[in-house]
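Okay, so here's the structure we're looking at.
The values are calculated or read from the model by the stated rules, or taken from the named source; none is laboratory data. Please read these numbers as outputs of a predicted model, since none were measured by experiment. Counting neighbours? That spans all protein chains shown, and the Cβs are built from the backbone with ideal geometry, glycine included.
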Amino acid sequence: MSTANVLRYSFLGLGFLVGVKTDFSLRCEAKDKVEEDKYQTKLKLVEEARAEYRKLHPVKVVEGGKTQMNLDDPNFDFAKFIEDAVGSLKA
């Protein structure tokens, strides 16, 4: 009888610990989901603000020779633009 009580209370304690662990993990997942939803909302607002800014401030494009000069493009190749401009002057 003593062994049965030990096993019974051992399983009771084990079940309690598993329940606490499961509850903790579910709460963490819910918290992470709420934080992710907040982040996605902020990200959506930033994208909407960028789109509105693009509408209000259009990109300035200056034509010169064969290459167009986009002043806001970080990958703009100034050397190629100048070579095209010089080439158009020689022609």
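Would you confirm, using the coordinates I've provided, whether THR67 is surrounded by 10 or more Cβ atoms within 10 Å (Cβ to Cβ), out of contact with any strand residue (DSSP E or B) (no Cβ under 7 Å at 6 or more places or on another chain), modelled with pLDDT under 95 and polar (S, T, N, Q)? Criteria met by THR67. In the set ARG27, ARG50, only one residue is of a type in the set (Lys, Arg) and closer than 30 Å to ASP73 by Cβ; that residue is ARG50.
In this structure, does THR3 turn out to be exposed (fewer than 10 other Cβ atoms within 10 Å of the Cβ) and at pLDDT 80 or above?
yes
Evaluation of ALA51 against the conditions (1) hydrophobic (A, V, I, L, M, F, W, C); (2) under 20 Å from the mean Cα position of the chain (by Cα); (3) at pLDDT below 80 shows that the sole unmet condition is (3).
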